[in-house]
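Below you'll find the structure, written out as structure tokens, and then a few comments.
Values in this text are rule-based calculations from the coordinates and carry no lab data. For clarity, every value in this text was computed on a predicted model and none was experimentally measured. Cβ placement follows ideal geometry from the backbone for every residue including glycine, while neighbour counts extend to all protein chains displayed.
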Amino acid sequence: MTDRRSFLTGAATLIGAGMVTKAGAASLPEAPVQSSAATQAPLMPPNGRPYNPVVTLNGWTLPWRMKDGVKEFHLVAEPVVREIAPGMTANLWGYNGQSPGPTIEVVEGDRVRIFVTNKLPEHTSVHWHGQRLPNGMDGVTGLTQPGIAPGKTFVYEFVARHAGTFMYHPHADEMAQMAMGMMGFWVTHPRDPKLHAVDRDFVFLLNAYDIDPGSYTPKINTMTDFNLWTFNSRAFPGIDPMVVRKDDRVRIRVGNLTMTNHPVHLHGHTFEVTGTDGGWVRPAARWPEVTTDIAVGQMRAIEFVADAPGDWAFHCHKSHHTMNAMGHSVPTMIGVDHSGVAEKINNLVPGYMVMGDKGGAMDGMQMPLPENTLPMMTGQGPFGGLDMGGMFTVLKVREGLARNDYKDPGWYQHPQGTVAHEWTGDLPPAPRAPGAPPAKPSEAMDVKRDGEMHHHH
Ligand SMILES: [Cu+2]
């Protein structure tokens with residue numbers, strides 16, 4: 001739901017280039033506020049040039065007002081409480097009630113005016129990443145403008161010259177401000193809605209936080225050892241699925257504002273990278289992929305035809321990025337026999353738990369968590385635990401959905417006989433290379449014993 005409140009910054013006595021005068025402040029466009037972390041329906045453009053709107057994963061698009069042919073937006077930089085996933089909230093900084101901020105959607109050739117009100121305790125600015133604009137609108141504190149002091153409103157104005165995939169973020173105390181979640185998506189649609197048209201167009205940013213178990217505020221000095229890897233400041237299972245109709249042409253646009261690269265991987269389909277934050281990729285320069293690496297500060301638009309019904313994983317391929325917060329200093333214990341040890345330690349340390357002697361799967365493992373802490377891997381699927389959290393979601397491809405239906409259709413109903421299952425019949429004999437010596441008795445016994453095990457019921 002979009003709440004609305006307007007900001008009248010009448011208290012300010014304003015001086016300096018770019019600042020809104022007292023008279024101007026009275027006519028600021030309202031600044032809608034989003035109170036939900038759920039994916040909102042695409043915003044159909046109520047005025048201006050027509051376009052096919054995007055869907056922001058666990059986010060929303062900022063409404064605008066049209067004034068004398070100019071699209072006017074109002075961003076409010078402010079502290080927010082973001083639900084990372086059910087059971088965990090974080091004290092972040094963002095825009096208009098959420099972090100990331102709302103997606104801004106405009107059309108190639110639009111003149112755009114963006115008011116930015118700073119309700120943070122320190123100065124900020126907004127850089128429009130990838131835009132071709134007058135230098136003084138580029139939002140680099142100290143280089144192209146003074147910082148926007150707390151309580152002040154600045155105005156940015158430029159023409160969105162090129163269609164494409166962009167983002168916005170501060171260039172002001174940026175290590176702190178981006179570590180706190182100051183960022184948002186920007187899409188400039190083609191002037192001709194038939195150009196680069198797709199049926200469903202999803203957008204989100206990659207971000208990362210370091211929030212100690214039991215606490216709420218990111219540690220902003222962390223350089224590399226983050227413990228929450230998120231799509232649009234949500235961790236699986238808090239990330240909504242991407243729901244598409246079978247045979248839809250689908251675009252997914254992803255921008256990376258973390259401190260490391262992310263190879264994003266789609267199951268069940270082959271895609272092409274069709275755009276970057278530099279523009280569209282010429283068809284002759286595209287090649288098929290199932291994973292594409294997105295470096296820090298890069299954006300990628302991938303496209304494919306969703307021709308395979310099912311629930312297909314879409315995730316970062318760095319396995320630690322599909323995990324939620326927990327100490328990564330836990331020693332590897334695979335193959336270590338703990339039997340009896342836990343009992344002895346429990347006499348000294350009540351509640352002690354042995355981890356990982358058979359691997360790390362957490363399914364069925366119970367342990368008390370500090371408040372406001374997500375289990376390390378928590379997703380539940382129709383067949384049990386998914387052993388994943390973090391940067392993970394599901395592309396749900398279904399037949400017969402309505403054009404604008406993004407509702408979660410539930411789990412995929414697999415056709416009879418198409419799900420991997422336990423084998424209970426005879427095992428084939430172990431293959432041997434041609435000319436290899438006959439199996440030693442011990443190997444033969446192992447095979448036989450295996451086979452017998454499967455016969456016991
Ligand atoms: Cu990653």
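Surrounded by 16 or more Cβ atoms within 10 Å (Cβ to Cβ) and farther than 24 Å from H129 by Cα, is that true of R234? So that I can check it myself, show each step before the final result.
Details: surrounded by 16 or more Cβ atoms within 10 Å (Cβ to Cβ): yes; farther than 24 Å from H129 by Cα: no.
It is false that R234 is surrounded by 16 or more Cβ atoms within 10 Å (Cβ to Cβ) and farther than 24 Å from H129 by Cα.
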Problem - Of all residues in the stretch 24-55 being in a strand (DSSP E or B) and in contact with a Phe, Trp or Tyr (Cβ under 6 Å, 6 or more places away or on another chain), the one that is nearest to G97 (Cα to Cα) - result: Q34
Exercise for the section: Output the qualifying pairs, or none if there are none: Cβ atoms under 6 angstrom, residues six or more apart or on different chains, first residue in the stretch 370-392 and at positive phi, second residue more than 16 Å from the ligand (Cβ to nearest atom) and assigned to a strand (DSSP E or B). Expected result: N372/M88
Problem - The lone exception for T224 - which of (1) within 16 Å of the ligand (Cβ to nearest atom); (2) buried (at least 24 other Cβ atoms within 10 Å of the Cβ) it fails - result: (2)
Handout entry: Residue match in the stretch 266-287 (condition: crowded, with 17+ Cβ neighbours inside 10 Å and within 16 Å of the ligand (Cβ to nearest atom))
Key = yes
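Each row is one residue, and each column tells you yes or no for (1) closer than 22 Å to W280 by Cα; (2) small (G, A, S); (3) out of contact with any Cys (no Cβ under 6 Å at 6 or more places or on another chain).
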| residue | (1), (2), (3) |
| --- | --- |
| M88 | no, no, yes |
| L92 | no, no, yes |
| I104 | yes, no, yes |
| E108 | yes, no, yes |
| V112 | yes, no, yes |
| H129 | yes, no, yes |
| G139 | no, yes, yes |
Practice task
Would you confirm whether any residue within the stretch 234-257 is within 12 Å of the ligand (Cβ to nearest atom) and part of a strand (DSSP E or B)?
Solution key: yes
